[in-house]
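A.B. asks: First the structure, which I've put down as structure tokens, then a few questions once you've had a look.
The values are calculated or read from the model by the stated rules, or taken from the named source; none is laboratory data. Treat the numbers as computed from the prediction; the structure is a model and nothing was measured. Glycine also receives a Cβ, built like all others from the backbone with ideal geometry; neighbour counts cover every protein chain displayed. Note: accessible area is taken over every heavy atom of the protein model, side chains too, but ligands, DNA and RNA are not part of it. Shrake-Rupley method; radii C 1.70, N 1.55, O 1.52, S 1.80 Å.
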Amino acid sequence: MLREKITPDTTKKEIGQISEISDEKILDCLQCGKCTAGCPAIHGMDIMPHQVIRLLQLGQVDKLLASTTIWGCAACFTCLSRCPRKVDLSKIMEALRLIVLRTKGNQRLEIDKVPELLAKQIPQQAIVSGFRKYVK
Amino acid sequence: MSVIASDAVIKKEAGFEPLIVAFCCNWCSYAGADLAGTSRLNYPANIKIIRVPCSCRVNANFVLRAFQRGADGVIIAGCHPGDCHYMTGNYYTRRRMSLLKNLLEFIGIEEARFKIDWISASEGNKFAEVMNDVLAKVHQLGPNRKLRDSRWRR
Amino acid sequence: MQRVGVFICWCGTNISSTVNIEQVVAALENIPGVVYIKDYQYMCSEIGQNLVKDAIKEQNINRVVVASCSPRMHEATFRKAAAAAGLNPYLVEIANIREHCSWVHKDKEAATQKAISLTRAAVAKAILNEQLIPGEVGVEKRALVIGGGIAGIQTALDIAEAGYQVDLVEKTPSIGGKMAQLDKTFPTLDCSACILTPKMVDLALNSKINLYSYSEVTEVNGFVGNFEVTINQKARSIEMEKCTGCGICLAKCPAKKALSEFEEGLAKRAAIYTPFPQAVPNVPVIDRETCIKFVTGKCGLCAKLCPTGAIDYEQKDQIVNQKYGVIIVATGYDLINLDRFGEYQYLDHPDIITGLEFERLVNAAGPTGGKLVRPSDQKQPKKVVFIQCVGSRDKSERGKAYCSKICCMYTAKHAMLLRDKYPDCEAYVFYIDVRTAGKGFEEFQRRAVENYGVNYIKGMVGKIFPGDNQLQVNGVDALSGELLQLEADLVVLAAATQAKPEADEVARMLSISIDRDRFFTEAHPKLRPVETHCAGIYLAGACQGPKDIPETVAQASAAATKAIGVLSKNKLVNNPCVAKVEQAVCSGCLACIKICPYEAITEQVIEEKTRGKVRLRRVAEVNETLCQGCGGCTVACRPGAIDLKGFSNQQILAEVDAICR
């Protein structure tokens, strides 16, 4: 894999959008990693939860928008309940998802496919939550 | 909505720069104001501080005089109840000034123009917050005309 | 006629960068009474002070206004300068145009206008200033030290060394505090008891020091030089003079169920106990809640066995009243309660312990005789996980937002001791940041990593799952992003330090202030770190903020020096800004007497001649040595007969007028 040099840029408009949507302070984070250590949904994540905040602190939103992490977050609030800095990571994940979904044409769940998914016996709760999480 | 409304008021009183007199006790609030200074916490220059040994030194006359001479707001700040350097001074302040607050309301001075708060020496943040808050409210209310001595021009 | 000299300080660029000095000078020129204006870069410097002195002598000014930093900073400096030039120091007035103006405003024009306004108010006040001559009051040559940890011990020894009487009040049965519980001390690894116990013995043998152990201060009145203190000596149920400390009672006591406070609950103690063998004083205490004699009335074994008949079940609390010149507060700290940290399972598993409990487990005098074993099965652990910042740097309700300061170092020490004693035992330390600011501290911590092979992991533990035999620790290495799973035998939590729960009460009693973390506040964070805002009361040790032993000892000695400074004076100068009664106006209603918290106002009967007749009339009278100058009475006075010198009604009204112009 080729390494590319990045330039930290905290003035990006997405950073502002994320703070506005989530109302969380990303600079509060000390990078202790307690969120990652306790995350029950970690196995599907390519970027660790604490790294999500670090990348935001460096202004690397693009990497996050392309990651699987933001879709894997179950918003269970385990991280928040243990975070020494009271950073609500699930809100930041939600903000990141919204930034993707609000871009024109982006839809993570196609409604036409729902009957098919139902046939595979996904619990209804999951479908409802999927609508909230994956659809505009 | 409230933001829009306040904008309108400010426009109406174009150029209105409120004057606010703050009586601060030497041990807590004056030190809190010093801390706000050392921490470079911004608050508007409209607030002018008068140092008193204890908030209980503030006579109702001083407050009335300030309003009479054209102040648009008055703040009295002391130590938190129980923390008074002189043991019980701020309890007297609390009683006396709640009476004065009633009187001021009765004679038509808006409640927001007269603020009593407790700010300790370690609460530089709170000092700046209270000052900003009072100023914003007084700004909305516009100049104080009720008690102003007509012979006194600012 | 008042001739006012105004001195405007630039404070380098601190003031002059936001306030246009020229404009201020120009605005002040037109004020009646102002005859001399001077601005200078550093008014508080010697040259600046000379400007003030010269102007007093040459320009004949008799009122001085200095527009500079806060009066809390340099009022004393300029008063001294004025006094040196022959002017009464209380004719000096300060306008605070730095903390209250240039530092908080960005708009240059607004700041300049405000500076003018504040200086004008100071001039208005200065014109009305009167010469004040402070009174004098005697000093009680005796110091009170509250708290018998290393801070209190050091302070007491230092004051006694200077030749003054010291009373030390300790709440628990023995002095020694937290330091007595520790095993080794960083960064030199010398044994804590070996360096502390000689000091404890010194203190016990020192004829200048009087120790009130198992006692509490219940009331404090008065002021610097003359504090009146009430001490409650709790009933020990043992006569101190008769007890020889033989220890028969401790050994034979049948009630051995109570958890030892000194051993952090890791061992049991008898109902009659001394906290630890080297206790000072070496006199036991009966814990009346667990003693069979006190609970059921049937036992009394200790009284039967005591060879000197020292046991006294009828003993009552004793109240001692004593006067002191100074008070040093050295009440120490506690560890936070870990109940709310569910993920660490501290409450649910005996093998998850705090750092202080670890100290007891490795201490040769501890419950295991210095053999490190797991509390659950008494087996020696093979893998120990240390977790730092448990509750420190934690903004949530569970923890403390500040850094506890000592944990990085003591965790390194623990891991090092562990690896030293049991080289086959692995040590893992989870940390957020390692902070080793201190002499020899960084080298110490690096030694733990490089020489002792302690594994440092930057990251935190998410949760601990107690298993059958071991504790499953799920953590993360934040640097690599790898998830870690460790099977640990013992987990040590570096719990945050916090102020004592009694801090609020102590602060209220002494009328000193506490910060939002309930540590006592020093008078100035940099320049007056051991004084409080209350004259004559000083701080030592961790009651003022988290501290390690060297810092505590340094502060304790500093507090002692400050205390000796007061004790060495025969007379103290009073604050002359006190209330005074215009007796001709006084109606004798005496509403002021009820207001005064210092009982400084008394009733007086004066003779008055009216139309040739002599009449007796009741008026109020202020005792100037007792009055502290709060001014509460001035507002209560119906006829307006009481005024406060230095802050008179006329002066404050003049300030209001000047500001509202």
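A.B. asks: How would chain C be classified by its alpha-carbon gyration tensor: rounded, prolate or oblate, with rounded meaning a/c under 1.5 and the a/b versus b/c comparison settling the rest? The partial results should precede the final answer.
C.D. replies: Values: a/c = 2.76, a/b = 1.58, b/c = 1.75.
Oblate, because a/c is 1.5 or more while a/b does not exceed b/c.
A.B. asks: Can you pull the mean other chain C-beta count within 10 Å for peptide B:75-83? Could you put the intermediate results ahead of the total?
C.D. replies: On the way: counts 0, 0, 0, 0, 3, 2, 0, 4, 7.
Counting other chains' Cβ atoms within 10 Å and averaging over B:75-83 gives 2.
A.B. asks: Can you give me the orientation-averaged projected area of the convex hull built on the Cα atoms of the stretch B:25-143, in nm²? Could the numbers behind the result be given before it?
C.D. replies: Numbers: hull surface 26.5 nm².
Mean shadow area of the hull around the Cα atoms is 6.6 nm².
A.B. asks: Please get the size of the charge dipole for the stretch A:13-104, origin at its Cα centre, with Cβ charges of +1 on Lys and Arg and -1 on Asp and Glu, quoted in debye to the nearest 20.
C.D. replies: Working: 12 positive and 9 negative charges, 14 e Å.
Once rounded to the nearest 20, the dipole reads 60 debye.
A.B. asks: Below 8 Å, C-alpha to C-alpha, sequence gap of six or more: please give me the relative contact order for the stretch C:4-128 in percent. The partial results should precede the final answer.
C.D. replies: Details: 232 pairs, mean separation 42.0, N = 125.
Relative contact order, the stretch C:4-128: 34 percent.
A.B. asks: Quick check: with the 1.4 Å probe, what order do C:260, C:557 take by accessible area, largest first?
C.D. replies: Working: C:260 10, C:557 35 Å².
Per-residue accessible area, sorted high to low, gives C:557, C:260.
A.B. asks: Compare each residue of the stretch C:35-84 in its chain alone against the assembly with all protein chains, and report those whose accessible area goes down by 40 Å² or more; 1.4 Å probe, heavy atoms.
C.D. replies: For the stretch C:35-84, once contacts with the other chains are taken into account, C:72 lose 40 Å² or more.
A.B. asks: Which value results for Rg/Rh of the stretch A:1-86 when Rg is the Cα radius of gyration and Rh the Kirkwood radius based on the inverse mean 1/r?
C.D. replies: On the way: Rg = 13.0 Å, Rh = 13.6 Å.
In the stretch A:1-86, Rg relative to Rh is 0.95.
A.B. asks: So the label point goes 7 Å from the Cα of residue C:318 along Cα→C-beta, right? Which residues of the stretch C:221-255 then have their backbone N under 19 Å from it?
C.D. replies: C:229-245
A.B. asks: Where the Cα atoms of the stretch C:4-128 are projected onto their three principal axes, how long is each span, largest first, in whole Å?
C.D. replies: 40, 28, 20
A.B. asks: How far is helix C:108-127 tilted, in degrees, relative to the longest principal axis of the Cα atoms in chain C, given as a value from 0 to 90 rounded to the nearest 10?
C.D. replies: Between the helix axis and the principal axis of chain C, the angle is about 70 degrees.
A.B. asks: At most 15 other C-beta atoms within 10 Å and a DSSP loop state: those are the exposed GluC sites (Glu not before Pro) I care about. Give me the longest piece of chain C that has none.
C.D. replies: On the way: sites that count: C:130, C:239, C:241, C:261, C:289, C:314, C:397, C:502, C:582, C:599.
Between exposed loop sites, the widest span is C:1-129.
A.B. asks: Classify the stretch C:335-498 as rounded, prolate or oblate, taking a ≥ b ≥ c as the square roots of the eigenvalues of its Cα gyration tensor: rounded when a/c is under 1.5, otherwise prolate if a/b is larger than b/c and oblate if not. Kindly include the intermediate steps, with their values, before the conclusion.
C.D. replies: On the way: a/c = 1.24, a/b = 1.06, b/c = 1.17.
Here the stretch C:335-498 falls in the rounded category.
A.B. asks: Quick check: the angle from helix C:150-161's long axis to the longest principal axis of chain C, C-alpha only, nearest 10 degrees?
C.D. replies: Helix C:150-161 and the main axis of chain C meet at about 60 degrees.
A.B. asks: Over the protein assembly as shown, with every protein chain in place, what whole percent of the accessible area is carbon and sulfur at 1.4 Å, could you tell me?
C.D. replies: Values: 21600 of 42340 Å².
Percent of accessible area from carbon and sulfur atoms in the protein assembly as shown: 51.
A.B. asks: Here is a further query. With n ≥ 4 as the cut-off for DSSP H runs, can you work out [θ] at 222 nm for chain C, using -39500 (n - 2.57) per run divided by the number of residues, rounded to the nearest 500? Write out the running numbers ahead of the final one.
C.D. replies: Details: 18 runs with 183 residues, N = 661.
For chain C, the value works out to -8000 deg cm²/dmol.
A.B. asks: So which residues of the stretch C:635-661 lose at least 30 Å² of accessible area, probe 1.4 Å, when you go from the chain by itself to every protein chain present?
C.D. replies: Residues shielded by partner chains are C:635, C:647, C:649, C:652, C:653, C:655, C:656, C:657, C:659, C:660, C:661.
A.B. asks: Hey, what's the stretch C:195-311 come to in accessible area per residue, 1.4 Å probe, Å²? Provide the component values of the computation, followed by the final result.
C.D. replies: On the way: 5670 Å² over 117 residues.
Dividing the accessible area of the stretch C:195-311 by its residue count gives 48 Å².
A.B. asks: Using 23 Å as the Cα-Cα cut-off, could you pick out the over-long pairs in C:178/C:562; C:171/C:242; C:256/C:293; A:34/C:500; C:141/C:594? Don't jump to the answer; show the numbers that get you there.
C.D. replies: Numbers: C:178/C:562 25 Å; C:171/C:242 21 Å; C:256/C:293 13 Å; A:34/C:500 28 Å; C:141/C:594 32 Å.
Too far apart for the 23 Å limit: C:178/C:562; A:34/C:500; C:141/C:594.
A.B. asks: Under 1.5 on a/c is rounded, so check that first for the stretch C:264-344, then, if it is not, pick prolate when a/b is larger than b/c and oblate when it is not; a ≥ b ≥ c are the square roots of the alpha carbon gyration tensor eigenvalues. Write out the running numbers ahead of the final one.
C.D. replies: Details: a/c = 2.17, a/b = 1.20, b/c = 1.81.
In terms of gyration-tensor shape, oblate.
A.B. asks: What does the charge count near residue C:374 come to, summing +1 for each Lys or Arg and -1 for each Asp or Glu among other residues with Cβ under 9 Å from its Cβ?
C.D. replies: On the way: positive: C:379; negative: C:351, C:377, C:489.
It works out to a net charge of -2.
A.B. asks: Additional query: Could you list log10 I(q)/I(0) for the stretch B:50-96 at q = 0.14, 0.21 Å⁻¹, which the Debye formula gives when each Cα is one point scatterer?
C.D. replies: Rounded to two decimals, the profile gives -0.35, -0.70.
A.B. asks: A further question on this structure: Averaging sequence separations of C-alpha pairs under 8 Å and six or more residues apart, then dividing by the length of the stretch C:460-589, give the relative contact order as a whole percent. Display every interim value, and only then the final one.
C.D. replies: Values: 145 pairs, mean separation 15.2, N = 130.
Relative contact order, the stretch C:460-589: 12 percent.
A.B. asks: Bin by bin, in steps of 20 Å, what percent of the Cα pairs in the protein assembly as shown do you find, going until the bin that has the longest distance?
C.D. replies: Going from the shortest bin to the longest, the percentages are 12, 33, 34, 18, 2, 0.
A.B. asks: Helix C:46-58: angle to the longest alpha-carbon principal axis of chain C, degrees 0 to 90, nearest 10?
C.D. replies: The helix C:46-58 is inclined about 20 degrees to chain C.
A.B. asks: Averaged over C:514-522, how many beta carbons belonging to a partner chain fall within 10 Å of each residue's beta carbon? Numbers along the way, then the final one.
C.D. replies: On the way: counts 4, 4, 5, 1, 0, 1, 0, 5, 0.
Other-chain Cβ atoms within 10 Å of each residue's Cβ, averaged: 2.
A.B. asks: If you don't mind, another one. How high is the relative contact order of chain C, given as a whole-number percent (alpha carbon pairs under 8 Å, six or more residues apart)?
C.D. replies: Details: 1427 pairs, mean separation 85.9, N = 661.
Once normalised by length, the contact order is 13 percent.
A.B. asks: Check chain A for me: any Cys whose beta-carbon has no other cysteine beta-carbon within less than 4.7 Å?
C.D. replies: Result for chain A is A:29, A:32, A:39, A:73, A:76, A:83, no neighbouring Cys Cβ within the cutoff.
A.B. asks: Separation of the stretch C:274-302 and the stretch C:306-350 by C-alpha centroid, Å?
C.D. replies: 15
A.B. asks: Next question. To the nearest 100 Å², how much accessible surface do chains C and A cover up together, summed over both, with a 1.4 Å probe?
C.D. replies: Values: alone 30770 and 8890 Å², together 38000 Å².
Chains C and A together bury approximately 1700 Å².
A.B. asks: Sum up the charges of everything whose Cβ sits under 14 Å from the Cβ of residue B:97, counting Lys and Arg as +1 and Asp and Glu as -1, but leave residue B:97 out.
C.D. replies: With Lys, Arg at +1 and Asp, Glu at -1, the net is +4.
A.B. asks: Continuing with the same structure: Counting only other residues whose beta carbon sits under 15 Å from that of residue C:87, what net charge do I get with K and R as +1, D and E as -1? Show your work: numbers first, answer last.
C.D. replies: On the way: positive: C:3, C:53, C:57, C:63, C:79, C:80; negative: C:54, C:58, C:75, C:93, C:130.
Residues near residue C:87 contribute +1 overall.
A.B. asks: Let me ask another. What's the buried accessible area, both sides, between B and C using a 1.4 Å probe, rounded to 100 Å²? Write down the numbers at each step before the final one.
C.D. replies: Values: alone 8720 and 30770 Å², together 35100 Å².
That pair of chains buries around 4400 Å² in total.
A.B. asks: Taking N as the number of residues in the stretch C:579-645, what is its alpha-carbon radius of gyration divided by 2.2 N^0.38 Å?
C.D. replies: Values: Rg = 12.1 Å, N = 67, 2.2 N^0.38 = 10.9 Å.
Relative to the rule-of-thumb radius for its length, the stretch C:579-645 sits at 1.11.
A.B. asks: Between the chain alone and the structure with every protein chain in place, find the residues of the stretch A:6-51 that drop at least 10 Å² of accessible area; heavy atoms, 1.4 Å probe.
C.D. replies: Going by heavy-atom accessible area, the residues of the stretch A:6-51 that drop by at least 10 Å² are A:28, A:30, A:31, A:32, A:33, A:34, A:36, A:37, A:42, A:48, A:50, A:51.
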